[in-house]
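The values are calculated or read from the model by the stated rules, or taken from the named source; none is laboratory data. The structure displayed is predicted, hence computed values, not measured ones. Cβ sites come from the backbone with ideal geometry, for glycine too, and all protein chains shown count toward neighbours.
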Amino acid sequence: MQLEQDRRPAVAAHSVAAVRAAEGAALAGLPPGAPDALMQQAATAVAVTAARALREATGGIAGRAAVLLVGSGDNGGDALWAGVRLRRRGVAVTALLSADTAHPAGLAAVRVAGARVLRVSSPPSATDLAPLAAADLVIDGLVGLGGRPGLREPATSLVDRIPASAVVVAVDVPSGVDVDSGALPGPHVQADVTVTLGAAKRCLLLPPASTAAGRVEVFDLGFDVPPAPLRRLDAAGVGALWPVPAPGADKYRRGVLGMVAGSAGYPGAAVLATSGAVRAGVGMLRYVGPDDATRAVRSAHPEVVAGAGRVQAWALGSGVNPDADDDQPAAIRSALDSGLPCLLDAGALEVWAAGVHRDPDDASDRLLLTPHAGELASLLGTLGLPRERADVEERPFEHAHAAAELTGACVLLKGATTLVVTPDGEARSQAEAPAWLATAGAGDVLAGVAGALLAGGVRPLDAGAAAAWVHGRAATLASRAAGGGGGPIAASDVAAHVPAAVAEALAP
Ligand SMILES: NC(=O)C1=CN([C@@H]2O[C@H](COP(=O)(O)OP(=O)(O)OC[C@H]3O[C@@H](n4cnc5c(N)ncnc54)[C@H](OP(=O)(O)O)[C@@H]3O)[C@@H](O)[C@H]2O)[C@H](O)CC1
Ligand SMILES: [K+]
């Protein structure tokens, strides 16, 4: 069951240790009995969200069937107390206990409230599993902060039998995920909504675990967690970073971008990358490429100036074939030698990784690498860390961070969720794009948008994250322009909607 997902809120995501420390500090200052008050608040948040989701999915609340999946810890306690509140609203509640113990006060309260309670055997019997088949709503309280990655029986079987028709609300995190790394090492809950308590956890922003969380709602429990290095920008965050021309600005002061893109085989990549930069509002764009590609670029964008010249940053490599018999690799090397901020995409990653143009001490503030998973695996291999594409997809953050550490550059790893990671672990996770954006040429447009930001003086981490947001939002707008609930898009449609996406970010 998929609930409508709209733009998610701005989120900072924290490690288990950071949340535990903040929670401990907050509890130490509270009077006796207050820890229970935190659980009561958490349970109210879960119940309110679950009731709303139930109404959205089934048209009502009273008389619907809810199943609580209850583990041995406080995550299960939250679920039991949420069940108490749902009983009060007329929901038929069954608690399936997956361990020998369950939160004692929560268990007593849910019984008093009139819920059915079943202690599930391992492996579960048909009777144990029967309530799941009839569930309209499943609340996942198997494990939270205290969960080890993966699940063991009988939790595994319970998760396996959650019906596709039920709306699934996870308490704090979807059970089974690796909370800090975002990996999915085994069976796990696939939630429609995750109500995360006190502060968001890293797995809620890091793929692939983030895809198991559904819509994320962060519920404030009133304690302070220190600023986290992993964040997701929202519209306001992008707007605050976007370079807006001052009154009286001229094209040179706004930032000139140089672009080495396209080849005889891929002239379209040059057109799309230049489209991204022009639509993102670069002051001026100088394009360097073979004659055919130059003609195609100038016919699509008469405002683009052909040939190298003075620039503030370079976007390099989209549609470049390092093995082609053209001048593009030499142009890329020359741009890298300038010491200016450079975005390295596609062919430029190969030119750079193969050569003398790697200087980890110099890279951090000026280089933005934009590989997809396959390109990142190749890059890591060149850097002495052989990896397959599947390895990168299983643990994308870890691999993007490894590449950043090895090169000293900021790494933007393209995907359904785009990660931007610096060598010191500062990171952004952007997931605004509709699935339609997985289309040829979309990456070229992204390179142009991010290059425009580098030329505007934005640092690589912010340029990558803001470009990913605008690119994803432009894709959503393009898809909606197709009509209905959103239709297919071409990369050129995405570029055409970049100005509207930027305008949304800049709206007060
Ligand atoms: N953040 C806050 O201020 C609040 C958080 N709340 C909720 O509390 C949980 C954390 O509760 P905790 O009791 O510390 O831990 P869990 O409930 O996540 O897990 C506890 C037990 O689960 C067992 N376990 C661990 N891994 C697995 C697994 N892979 N499969 C099955 N079972 C597993 C383990 O038991 P063992 O017997 O195996 O040792 C753990 O002991 C937090 O996430 C919030 O939901 C408060 O309610 C509000 C305040
Ligand atoms: K959970």
When restricted to Leu107, Leu68, the only residue assigned by TED's automatic domain parsing to the domain that holds Leu204 and free of Cβ contacts under 8 Å to residues at least 60 places away in the same chain is Leu107
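Filter the range 74-93 down to the residues that are small (Gly, Ala, Ser) and surrounded by fewer than 24 Cβ atoms within 10 Å (Cβ to Cβ), then identify the one that is nearest to Arg119 (Cα to Cα).
Per the criteria, the residue is Ala92.
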Would the range 413-434 turn up any residue that is modelled with pLDDT under 95, crowded, with 24+ Cβ neighbours inside 10 Å and either over 21 Å from Ala280 (Cα atoms) or assigned by TED's automatic domain parsing to the domain that holds Ala261 (or both)? yes
Looking only at residues that are buried (at least 24 other Cβ atoms within 10 Å of the Cβ) and closer than 18 Å to Leu197 by Cα in the range 54-73, which one is farthest from ligand 1 (Cβ to nearest atom)? Leu68
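How about the range 155-177: which of its residues are within 13 Å of ligand 2 (Cβ to nearest atom) and part of a loop (DSSP other than H, G, I, E, B)?
Ile162, Asp172, Val173, Pro174, Ser175, Gly176, Val177
Would you point out which residue out of Val179, Val195 is assigned by TED's automatic domain parsing to the domain that holds Ser210, under 30 Å from Ala400 (Cα atoms) and in contact with a Cys (Cβ under 9 Å, 6 or more places away or on another chain)? Reasoning before the result, please.
On the way: Val195 fails: in contact with a Cys (Cβ under 9 Å, 6 or more places away or on another chain).
Sole residue among the options that is assigned by TED's automatic domain parsing to the domain that holds Ser210, under 30 Å from Ala400 (Cα atoms) and in contact with a Cys (Cβ under 9 Å, 6 or more places away or on another chain): Val179.
Restricting to the range 133-155, name every residue that is within 8 Å of ligand 1 (Cβ to nearest atom), out of contact with any strand residue (DSSP E or B) (no Cβ under 9 Å at 6 or more places or on another chain) and over 27 Å from Gly90 (Cα atoms).
Of all residues in the range 133-155, those within 8 Å of ligand 1 (Cβ to nearest atom) come to 141-152, 155.
Filter once more, so that each one left must be out of contact with any strand residue (DSSP E or B) (no Cβ under 9 Å at 6 or more places or on another chain): 143, 146-152.
The answer is Gly146, Gly147, Arg148, Pro149, Gly150, Leu151, Arg152.
Residues are listed down the side, and each one gets a yes or a no for (1) modelled with pLDDT of 95 or more; (2) more than 30 Å from Gly186 (Cα to Cα):
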site: His399; (1), (2): yes, no
site: Ala402; (1), (2): yes, no
site: Leu406; (1), (2): no, no
site: Ala440; (1), (2): no, yes
site: Leu461; (1), (2): yes, yes
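Kindly establish whether Leu96 is at pLDDT 95 or above, out of contact with any strand residue (DSSP E or B) (no Cβ under 6 Å at 6 or more places or on another chain), in the same structural domain as Glu56 (by TED's automatic domain parsing) and not small (Gly, Ala, Ser).
On the way: at pLDDT 95 or above: yes; out of contact with any strand residue (DSSP E or B) (no Cβ under 6 Å at 6 or more places or on another chain): no; in the same structural domain as Glu56 (by TED's automatic domain parsing): yes; not small (Gly, Ala, Ser): yes.
Criteria not met by Leu96.
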Tally, over the range 13-44, of residues that are crowded, with 17+ Cβ neighbours inside 10 Å, of a type in the set (A, V, I, L, M, F, W, C) and closer than 23 Å to Pro226 by Cα: 9
Examine the range 229-241 for a residue that is under 20 Å from the mean Cα position of the chain (by Cα), crowded, with 24+ Cβ neighbours inside 10 Å and within 17 Å of Ala42 (Cβ to Cβ), and state whether such a residue exists. no
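Rundown of residues vs (1) surrounded by 14 or more Cβ atoms within 10 Å (Cβ to Cβ); (2) among the β-branched types (Val, Ile, Thr), yes/no style:
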| site | (1), (2) |
| --- | --- |
| Pro267 | yes, no |
| Gly276 | yes, no |
| Thr294 | yes, yes |
| Asp337 | no, no |
| Leu344 | yes, no |
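Quick one: which of Asp100, Asp140 is within 16 Å of ligand 2 (Cβ to nearest atom) and acidic (Asp, Glu)? Give the steps one after another, and end with the answer.
Working: Asp100 fails: within 16 Å of ligand 2 (Cβ to nearest atom).
None of the other options fit; the residue is Asp140.
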Checking the condition free of Cβ contacts under 8 Å to residues at least 24 places away in the same chain and of a type outside the set (Phe, Trp, Tyr), which residue from Arg148, Arg202, Arg161, Arg215 passes? Arg148
Which of the helices (runs of 4 or more DSSP H) found entirely inside the range 367-421 contain at least 3 residues meeting this: in contact with a strand residue (DSSP E or B) (Cβ under 6 Å, 6 or more places away or on another chain)? 396-407
Note down all Cβ pairs under 6 Å where the first residue falls in the range 40-64 and is assigned by TED's automatic domain parsing to the domain that holds Ala133, the second is in a helix (DSSP H, G or I) and β-branched (Val, Ile, Thr), and they're at least six residues apart or on different chains. Arg64/Thr58
Could you list, in sequence order, all residues of the range 314-358 that are out of contact with any Leu (no Cβ under 8 Å at 6 or more places or on another chain), modelled with pLDDT of 95 or more and β-branched (Val, Ile, Thr)? Val320
Only one of (1) part of a loop (DSSP other than H, G, I, E, B); (2) within 13 Å of ligand 1 (Cβ to nearest atom) is not met by Thr194, so which one is it? (1)
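Identify, from the list Ala170, Ala130, Ala126, Ala183, the residue that is among the aliphatic types (A, V, I, L, M) and in contact (Cβ under 8 Å) with a residue 60 or more places away in the chain.
Ala183 is the lone residue from the list that is among the aliphatic types (A, V, I, L, M) and in contact (Cβ under 8 Å) with a residue 60 or more places away in the chain.
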